[in-house]
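Q: Can you read through this structure? Questions will come right after.
The values are calculated or read from the model by the stated rules, or taken from the named source; none is laboratory data. As the structure is a computational prediction, the values presented were derived from the model and not from experiment. Please note: Cβ atoms are built from the backbone with ideal geometry, for glycine as well, and neighbour counts cover all protein chains shown.
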């Protein structure tokens, strides 16, 4: 094992250079930009590492999935699956980037660029861990599978179909999730769950054209109507006012609450990082941690109407649009929640608004008593010195589909520094953490293979 | 009088040709384009008509004002002032113009071009009315003054300063406003007022950067905060909820109500034009007309926050911005209303929002019993066959500054066909209305001079 970890150490320049190559290939799923090219690049990267790789497809207009497989000679009965994605978030606002988002600039301990952390940085640690094992041992301690999709940043609309269609190919006994955060004290988070998401768009249209605002005495303002509709969804402490919204919420277990209590959380550092003075609803300490793990939200992700450039324009807009994302927790059902939202709007007099459901993903949360948990936790402790158990990530991914379809436990562990500005300008990955994560994956493979 | 009106008739080719010359000189105040040249051209046009003219200035970077004066030999004690502007709106979108915006193409009864109606068309009728009087009588029935500014289309930021500095020069007993609309049945509107305007921008900032929306359990959303703040300003029927907002509202007089009742208004045609089914607060007929004349509004002119492009982005925005225009009615004071708005926001817990006051203009409304009203109304009836009294235009202009500083009543009457596409591509003036307006101005001078 030592030799393998040493190989990781001596191979970091190569890891960074391959990460740069991946970053330099834009792959913005929201704009369908560069996806095919990036999938081919990822396939090549897997093959170069000694992993058999192929492009899987569902249909012509659906971004392909890159599949990788490596059988263990010694232990062909156990399979570990790595889930990652090759697509990235849009880069706007462009003017806030200090170096171009796809230039992959390295500065000291950091690799900058869109996708550097989320998720190309995570992907490369896994590929390189497998490569190091192969280089030193000529074998891997368990079968390895890679499932690398291209639509994670737009809500993985087809991952469930991929999982269903290629279920046999993907079967495994453990899944390592696409990312894992590392806190400000270099402790990785061993995550046992993900929240769900319901992303919707509401559109209000009144007049057939923009009008002079002097006519606001008579013509209804669609921005006003959206403001009223959106305001009816949530109180100012963040509690969602839609009927039965919280009905199916699975309560936290005693062990869950213990894990939450044990989790470190630096209120002050968090606030400083974002330049804020207080949290929503004046939450503190344990309450703040509990909210991150199990809080449902109704977030305005975007709102636009009328004239928003510099200066004055007395216009009465014809149209207004809002994008809202609801974070869901176990066991809310996205389809049912969408229906509740529509019912609420109708009841409150906003039945005329156009409601577009972009997508819904259910939350997932595995039991803390599953043996896979201690394997991953021990590997993380060895590689990073210490690690933190977390009942559920505050974010969303299609973890529910993996757990449900493949019937295997899923844990997130990775290299992403928690303030690495994912989804924001100047996203970066820390090279020291990329190294630790790569070693951690080697150790997980080892422990998982032995048990 | 007949001879004068006949001179107007026979002189229309000349009027149209001078209007074309004015249109061909671009003068876009929003872009500071051609203003100085246009001011010189207007000065020359006045002088050619026999009106003494000079360029007045406030400072180096402020567009000049063109002043014109003609003393009456017979009646030097009464003065009528024409307020106009030589600047025009920008021409974008250029591709929608059927002929170039400054080509001043004449087609049948129409003169096309930016400024053809607003306001060069109105200006030329007034100059030509004075010229006809002079040509036939060798005198005018009262002193005539012209105040022609170059910043009306950007909100007349310096007109009050001009009025104060040149108050003595501008003193008069009656003011004719820069425009007047003519409805689809060729009835000119004799307007006795204009609403005021308070244009503000509210900015909410929470985090110092956009964050992943999973953090919405803890970080406040600035769009949410603006939605809550804006929602607190107005109920869903349009009534403004800011304390004392309506305190100084001058009630409509019995005569005002009679005038409103007599005003024609086609609910169905209005709704069809804008493709709407009902008015704000389910107003109908008289209530709708009353709202146009005397309704205060709180209109969302623009709102932007977060991701508003196509598709999905789970972002928690760092900033949100709303632009609001409040139409004011007599005797609301814009400065006081701005203070009330700020106080309201503070009281409701939104004291942290940045409030930017773009500008404030008070409303003006002269008494319908003022003798100037019947002089203008009678002149309009004679020239157009019939006319419509209107207590106040729904829009805003600096009428209050004129009335307050010069201490004279002000009425709007003119030649602008209500569908003449002012501020839009393919703006035009109707030659038949230019003729009627010119005659109307001759008749106003006559009646005003006699009384």
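Q: Out of the residues in region A:366-377 that are assigned to a helix (DSSP H, G or I) and out of contact with any helix residue (DSSP H, G or I) (no Cβ under 6 Å at 6 or more places or on another chain), which is farthest from the other protein chains (Cβ to nearest Cβ)?
A: Out of the qualifying residues, it is A:371.
Q: Among the residues of region B:136-156, which ones are surrounded by 15 or more Cβ atoms within 10 Å (Cβ to Cβ) and more than 17 Å from residue B:80 (Cβ to Cβ)?
A: B:136, B:149, B:150, B:151, B:152, B:153, B:154, B:155, B:156
Q: Can you pull out every residue in region A:306-365 that is touching a helix residue (DSSP H, G or I) at 6+ places or on another chain (Cβ under 8 Å), within 29 Å of residue B:274 (Cβ to Cβ) and assigned to a loop (DSSP other than H, G, I, E, B)?
A: Residues satisfying the conditions are A:314, A:317, A:318, A:348, A:350, A:351, A:353.
Q: Exactly one condition in (1) in contact (Cβ under 8 Å) with a residue 40 or more places away in the chain; (2) surrounded by fewer than 22 Cβ atoms within 10 Å (Cβ to Cβ) is false for residue A:216; which is it?
A: (2)
Q: How about region B:162-214: which of its residues are closer than 30 Å to residue B:245 by Cα, more than 18 Å from the chain's Cα centre (by Cα) and either within 12 Å of another protein chain (Cβ to nearest Cβ) or part of a strand (DSSP E or B) (or both)?
A: Across region B:162-214, the qualifying residues are B:200, B:201, B:202, B:203, B:204, B:205, B:206.
Q: Filter region B:170-212 down to the residues that are buried (at least 24 other Cβ atoms within 10 Å of the Cβ), within 30 Å of residue A:328 (Cβ to Cβ) and at pLDDT 95 or above and list them by number.
A: B:204
Q: While we're looking at this one, here's another question. Looking at region B:368-385, which of its residues are within 22 Å of the chain's Cα centre (by Cα) and at pLDDT below 95?
A: The answer is B:368, and nothing else.
Q: Now a separate question. Only one of these conditions is not met by residue A:423: (1) modelled with pLDDT under 95; (2) touching a helix residue (DSSP H, G or I) at 6+ places or on another chain (Cβ under 7 Å); (3) crowded, with 20+ Cβ neighbours inside 10 Å. Which number is it?
A: Going through the list (1) modelled with pLDDT under 95; (2) touching a helix residue (DSSP H, G or I) at 6+ places or on another chain (Cβ under 7 Å); (3) crowded, with 20+ Cβ neighbours inside 10 Å, residue A:423 breaks only (2).
Yes/no per residue for (1) assigned by TED's automatic domain parsing to the domain that holds residue A:72; (2) assigned to a strand (DSSP E or B); (3) closer than 25 Å to residue A:114 by Cβ; (4) at pLDDT below 95:
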| residue | (1), (2), (3), (4) |
| --- | --- |
| A:404 | yes, no, no, yes |
| A:408 | yes, no, no, no |
| A:411 | yes, yes, no, no |
| A:437 | yes, no, yes, no |
| A:444 | yes, no, no, no |
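Q: Given (1) away from chain B (no Cβ under 12 Å); (2) at pLDDT 95 or above, identify the lone condition not met by residue A:229.
A: Unmet for residue A:229, out of (1) away from chain B (no Cβ under 12 Å); (2) at pLDDT 95 or above: (1).
Q: Looking at residue A:119 and the list (1) out of contact with any strand residue (DSSP E or B) (no Cβ under 6 Å at 6 or more places or on another chain); (2) crowded, with 24+ Cβ neighbours inside 10 Å; (3) within 14 Å of chain B (Cβ to nearest Cβ), which single condition is not satisfied?
A: That leaves (1) as the condition not met.
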